[in-house]
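Since the structure comes first, as structure tokens, the remarks are kept for the end.
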Amino acid sequence: MKNIVNSSWEYIRENPKRVFFQVGFVLFVIWMLFDDLGIIKRIRMETEHRMLLERLQQQKQKILENEERIQNAKKPDSIEKAAREKYNFRKQGETLFIIRDQ
């Protein structure tokens, strides 16, 4: 162990500029990877951005569907159809059969 430490110090004394630049390069790489503007944070932000874009497209599609439902809701036939399908309403004198999957 003592031999390794002595040889390391000897190498540093013989090549101080080289060691300085190597340490500086290692610190620069660590800084680029883990800083607030680093590569890892950038990858996380890109992933989140893609997720948000997908969610935005889904919400736009829901808005279009709702606008279409609103346009159809103005027609009297569509109100009756929705009441029959969703709430099982019926006209007077009609027989209603409810079939449930088990």
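Values quoted throughout were computed directly from the atomic coordinates according to the rules given, and no laboratory measurement underlies them. Quick caveat: nothing in here was measured; it's all calculated off a predicted structure. No Cβ is skipped: glycine too gets one built from the backbone with ideal geometry, and neighbour counts run over all protein chains shown.
For the chain, the Cβ-based charge dipole about the Cα centre amounts to some 140 debye (Lys, Arg positive; Asp, Glu negative; other atoms uncharged).
For helix 76-87, report the angle its Cα long axis makes with the longest principal axis of the Cα atoms of the chain; keep it between 0 and 90° and round to the nearest 10°. It works out to around 70 degrees. In the chain, if the dipole is taken from +1 on Lys/Arg beta carbons and -1 on Asp/Glu beta carbons about the Cα centre, which of PRO76, ILE40, SER8 is farthest to the positive end? Positive-most Cα among the choices belongs to PRO76.
Think of the chain as having a plus end and a minus end, set by charges on the Cβ of Lys, Arg, Asp and Glu; of GLN22, PHE89, LEU52, PHE89 sits farthest toward the positive end of this dipole. Among the lysines of the chain, pairs that are 8 or more positions apart or on different chains and have alpha carbons within less than 26 Å of each other number 14.
Using the alpha carbons alone, the radius of gyration of the stretch 36-89 stands to its Kirkwood radius in an Rg to Rh ratio of 1.42.
Beyond 15 Å, how much of the Cα-Cα pair distribution for the chain remains, as a whole percent?
On the way: 4186 of 5151 pairs.
Pairs farther apart than 15 Å: 81 percent.
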